[in-house]
Amino acid sequence: MASLSHGPPLGEFGVTVHFHPDRLVGGVPLLRHLADDGVYRSQFETGTSNGGLTAYPGGDRWRWEHRLFGGAYDDAPPSARPKYGSLNYRRRPAGGSVRFGSAHFRLNHPVRQRTTFCYPDSVSNPADFGTADHFPLLGLARRAEPDVLDDHIEAHVHGPLRLAEDAAEPGWRSRRTG
């Protein structure tokens with residue numbers, strides 16, 4: 001993907017990863033799993049998603065990753081697959097992609113060096129990509145006029161996402177869930 005990226009560096013925008021803290025995973029709220037485990041896991045690992053549930057060999061998510069990353073993850077274990085987030089280029093307090101969760105972690109800036117980006121979302125077969133060093137996507141995203149739920153620049157964090165080292169701070173909105 002780096003070879004398909006061009007343009008100026010990313011700048012100071014942050015990356016967020018969203019989740020629904022009260023979603024149950026094995027009967028336990030996701031936020032409890034995150035606190036106990038300390039690792040933000042891919043949908044291939046958890047079997048849950050804030051989008052479609054197609055993270056299995058031959059499923060839609062698998063095919064999109066095959067296309068985006070040239071097959072690099074086809075035979076990879078679930079733990080090695082990218083974790084999805086978004087660039088918070090609009091600097092919203094609720095994070096960069098509210099569609100994918102009412103809570104989020106803001107990632108430390110060094111994580112951006114192992115993050116790739118696309119616009120639009122990978123479900124839309126994007127042709128435009130970026131890295132922290134070469135980032136042409138801001139103009140494209142700003143000129144588009146999608147719904148607030150769909151105006152994100154998708155981020156793919158490669159490698160483990162350990163909350164103690166990689167998350168700058170959590171962000172969530174208090175809300176009644178029961």
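Data for the structure
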| item | result |
| --- | --- |
| Only listed residue being modelled with pLDDT of 95 or more, of a type in the set (Gly, Ala, Ser), at positive phi and assigned to a loop (DSSP other than H, G, I, E, B), chosen from GLY58, GLY71 | GLY71 |
| Selection count where residues are polar (S, T, N, Q) and not in a helix (DSSP H, G or I), scope region 119-134 | 2 |
| Hey, GLY130 at positive phi, buried (at least 16 other Cβ atoms within 10 Å of the Cβ) and either in contact with a His (Cβ under 8 Å, 6 or more places away or on another chain) or at pLDDT 95 or above (or both) or not | no |
| Any pair with Cβ under 6 angstrom, 6 or more apart, that starts in region 142-164 at a residue that is touching a residue at least 12 places away in the same chain (Cβ under 8 Å) and within 18 Å of THR116 (Cα to Cα) and ends at one that is surrounded by 11 or more Cβ atoms within 10 Å (Cβ to Cβ) and β-branched (Val, Ile, Thr) | ALA155/VAL15; ALA155/THR115; HIS156/THR116; VAL157/THR115; ARG162/VAL39 |
| Test: THR48 is assigned to a strand (DSSP E or B) and of a type outside the set (A, V, I, L, M) | no |
| Residues of region 60-84 satisfying the condition of being surrounded by fewer than 15 Cβ atoms within 10 Å (Cβ to Cβ) and within 20 Å of PHE19 (Cβ to Cβ) | SER79 |
| Residue in region 135-155 that is small (Gly, Ala, Ser), assigned to a loop (DSSP other than H, G, I, E, B) and surrounded by fewer than 21 Cβ atoms within 10 Å (Cβ to Cβ) present | yes |
| Test: GLY7 is in a loop (DSSP other than H, G, I, E, B) and at positive phi | yes |
| Counted residues, region 156-165 - those being assigned to a loop (DSSP other than H, G, I, E, B) and crowded, with 18+ Cβ neighbours inside 10 Å | 2 |
| Failed item, numbered, when SER97 is tested on (1) polar (S, T, N, Q); (2) surrounded by fewer than 18 Cβ atoms within 10 Å (Cβ to Cβ); (3) closer than 17 Å to VAL123 by Cβ | (2) |
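So that you can scan it fast, the table gives a plain yes or no per residue for (1) surrounded by fewer than 18 Cβ atoms within 10 Å (Cβ to Cβ); (2) part of a loop (DSSP other than H, G, I, E, B); (3) in contact (Cβ under 8 Å) with a residue 24 or more places away in the chain; (4) not aromatic (Phe, Trp, Tyr):
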| site | (1), (2), (3), (4) |
| --- | --- |
| SER86 | no, no, yes, yes |
| HIS104 | no, no, yes, yes |
| GLN113 | yes, no, no, yes |
| PHE117 | no, no, yes, no |
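The values are calculated or read from the model by the stated rules, or taken from the named source; none is laboratory data. In this text, all values refer to a predicted model and were calculated from it rather than measured experimentally. Using ideal geometry, Cβ is built from the backbone for each residue, glycine included, and neighbour counts are taken over all protein chains shown.
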